[in-house]
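Reading through the structure tokens given below for one structure.
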């Protein structure tokens, strides 16, 4: 266990900023941006619009994917000597498909205070309004540019029961939807959340092919920023526990208990915890004979 040191005044704030509408920023975030010594911004031009809107004059320093390795070391050193730094991305919460991981990791290694200032996140906004299940979801981030890699990724997620969430550019949106139609059968209910919180915010729903047909008729739907959400795989109904027990017995004859339990859960639809306890009981029974 490590305890973060707070002996110095230096601190790193992870500040979420609006994903579109500038009014969505929290008062706490504004107070932090006004009072820190330095703002580390993914795009200083973009952040300038936010700062000007609220009369904030805090100096900025560029921190993006192309200089992250070097800047993480510099900024961590500044924080270690007492500088208060706010990290912001172009929009939304830093580190969520945006730079910042190296800086936070460096700050944690040096036991410097890291304080999150919560706020907007495109993936959470999209999920909340999508109508898709939100009890379990898997966020992948930006999809591969290569079609073969995209298809391989989709195939690897074929059995994931949670709602799948991706970021995608308008230029590749049509091709990605067609790849989804190829990878998942039967077709999965899909949602495209475009330009969230902005003037032209839209939600498109249907099968991937239905959405492709719509955007062909209305090409403006490929403009802007997109969150792509896909219904997760339907889970198999759990089999009778006696049936699962028979499967487990066969697997235990050939496999270690963890592997046998995992496979039996996939085959039967029962939970791994239930089957693991059952496997322990079976092993104990066998050892008593």
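The values are calculated or read from the model by the stated rules, or taken from the named source; none is laboratory data. Keep in mind that what you see is a predicted model, and the values were worked out from it rather than measured. Cβ coordinates were reconstructed from backbone atoms using ideal geometry, including for glycine residues, and neighbour counts include every protein chain displayed.
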Handout entry: Hey, residue 203 in contact with a strand residue (DSSP E or B) (Cβ under 6 Å, 6 or more places away or on another chain), assigned to a strand (DSSP E or B) and within 14 Å of residue 231 (Cα to Cα) or not
Key = no
Fill in the blank from the handout: Taking segment 122-141 and keeping residues touching a residue at least 24 places away in the same chain (Cβ under 8 Å), surrounded by fewer than 18 Cβ atoms within 10 Å (Cβ to Cβ) and more than 26 Å from residue 155 (Cβ to Cβ) leaves 129
Practice task
Report those helices (runs of 4 or more DSSP H) wholly inside segment 1-112 carrying at least 2 residues which are closer than 29 Å to residue 126 by Cα and either more than 19 Å from the chain's Cα centre (by Cα) or modelled with pLDDT under 95 (or both).
Solution key: 27-35, 44-53
Exercise for the section: May I ask you to verify whether residue 161 is within 21 Å of residue 130 (Cβ to Cβ), at pLDDT below 95, in a loop (DSSP other than H, G, I, E, B) and touching a helix residue (DSSP H, G or I) at 6+ places or on another chain (Cβ under 7 Å)? Expected result: no
Exercise for the section: Please list, ordered by first then second residue, the pairs with beta carbon atoms under 9 Å, 6 or more apart or interchain, first in segment 67-84 and on the phi > 0 side of the Ramachandran plot, second exposed (fewer than 15 other Cβ atoms within 10 Å of the Cβ) and at pLDDT below 95. Expected result: 82/8; 82/9
